Amino acid sequence: MRARNEIARALRDSGGVFRTRDHPQLARSIQRLTASGVLTSVLPGIHCAVEDAQRTEIRVRAAALWAPDAVFTGPAAGWLSEWPDLAVPVVTLSGPMRRTPGPGFRVCRERIPDALITRSRGCWSTVPALTALNLVPWIGPQGIDDVLRTGSATVDQLWSALSATPRRPGNSLRRAALIDSRKAPWSEAERLLHSLLREAGIRGWSGNVVVPCGGRRYPVDVVFDRLRLIIEVDGYAFHRAENQDQFHRDRRKWTDLTAAGWTVLHLTWDHLVYDRAWVVDRVRQAMAQCRKAR
């Protein structure tokens, strides 16, 4: 009973997972509890309660104990930083380890430049720019959109991270996503709008620009600065009860911009997906009208 209490304390003190060699006096009890199905070995020499073995937090903690100098990459790095709700089917680590981790974990022996490594939640992981790129095969360009929206990385930093990690599987996908991000979209809808404008040959615009207006600074989705024309992509989320503050802020922004002489077009996801020709026609019509008004 005493040994079992000490093991429970070890689990509690170390966040639900512990390294066996840190508790040599409990070695036999650990073996016994593992054999009886109370504990399980997540990684060689790393134990946790059986019921916790599939939790992402436990698996990441276990990997950090097993290889404390390794760098978390892929979904695990995302979970540690910008994407705490991201599913982590496989915990990937990068480092010079020659050990085999076992199911649910993978070691990549690539060298990551020091400038692309950071500390996150007490673990070594890739910086947001490289993490977003690494997530492209998993979640597409969403990771790129997220770091651009939060300011965790810039387009230049994303390109630098790609250039610093050449000849990797998936780099062609990452490069294609970056090329599509050159106007810094913050969401999939904005990315779709940018792509539509480029395909239509519409030029003279910038994405996600802050426009000074009436003593305030308003972020807008797309702006044609010389024409004083703005395009905003409206999502259903902002019309829900829990987003009423954002709803009212947006209407104040659009009213201020209109009063200051800006033309503001409002588009939705459905417009961009199902009515692309109409979107292009309306944008061109608005551009022509704005030119006449100058």
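The values are calculated or read from the model by the stated rules, or taken from the named source; none is laboratory data. Everything numeric here is computed off the predicted structure, so don't read it as measured data. Cβ coordinates were reconstructed from backbone atoms using ideal geometry, including for glycine residues, and neighbour counts include every protein chain displayed.
Quick notes on this structure:
- Selection within the stretch 141-167 - surrounded by 13 or more Cβ atoms within 10 Å (Cβ to Cβ) and either closer than 17 Å to I117 by Cα or at pLDDT 90 or above (or both): V147, S152, A153, T154, Q157, L158, W159, S160, A161, L162, A164, T165
- Restricting attention to the stretch 28-78, the residues that are of a type in the set (S, T, Y) and under 30 Å from L116 (Cβ atoms) total 2.
- Yes/no for L26 being touching a residue at least 24 places away in the same chain (Cβ under 8 Å) and either assigned to a helix (DSSP H, G or I) or β-branched (V, I, T) (or both): no
- From the options L43, L39, residue that is in contact with a Cys (Cβ under 8 Å, 6 or more places away or on another chain), of a type in the set (A, V, I, L, M) and under 22 Å from G104 (Cα atoms): L39
- Test: residue in the stretch 257-267 that is touching a helix residue (DSSP H, G or I) at 6+ places or on another chain (Cβ under 6 Å), in a helix (DSSP H, G or I) and either within 20 Å of V209 (Cβ to Cβ) or in the same structural domain as W205 (by TED's automatic domain parsing) (or both): no
- Evaluation of S125 against (1) in the same structural domain as A277 (by TED's automatic domain parsing); (2) of a type in the set (S, T, N, Q); (3) not in a helix (DSSP H, G or I) (one fails), failing number: (1)
- Candidates are the residues of the stretch 82-96 that are in a loop (DSSP other than H, G, I, E, B) and in contact with a strand residue (DSSP E or B) (Cβ under 7 Å, 6 or more places away or on another chain); the one that is farthest from R111 (Cα to Cα) is V90.
- Residue-level check: of (1) assigned to a helix (DSSP H, G or I); (2) under 20 Å from S160 (Cβ atoms); (3) at pLDDT below 85, A184 misses just (1).
- Pairing residues of the stretch 223-236 that are outside the structural domain of R282 (by TED's automatic domain parsing) with residues that are at pLDDT 95 or above, at Cβ distances under 6 Å and at least 6 apart in sequence or on separate chains, gives no pairs at all.
- Identity of the residue in the stretch 102-122, in a loop (DSSP other than H, G, I, E, B) and at negative phi, that ends up surrounded by the most Cβ atoms within 10 Å (Cβ to Cβ): I112
- Subset of the stretch 274-294 that is loosely packed, with under 12 Cβ neighbours inside 10 Å and farther than 23 Å from T258 by Cα - its residue that is nearest to the chain's Cα centre (by Cα): Y274
- Taken as a whole, the structure places R99 among residues that are among the charged types (D, E, K, R), in a loop (DSSP other than H, G, I, E, B), over 14 Å from the mean Cα position of the chain (by Cα) and closer than 22 Å to A53 by Cα.
- Selection count, the stretch 106-140, where residues are of a type in the set (F, W, Y) and at pLDDT 95 or above: 1
- Residue in the stretch 82-90 that is closer than 22 Å to V42 by Cβ and among the small types (G, A, S) present: yes
- One residue from E6, E82 being of a type outside the set (A, V, I, L, M), at pLDDT below 90 and within 20 Å of the chain's Cα centre (by Cα): E82
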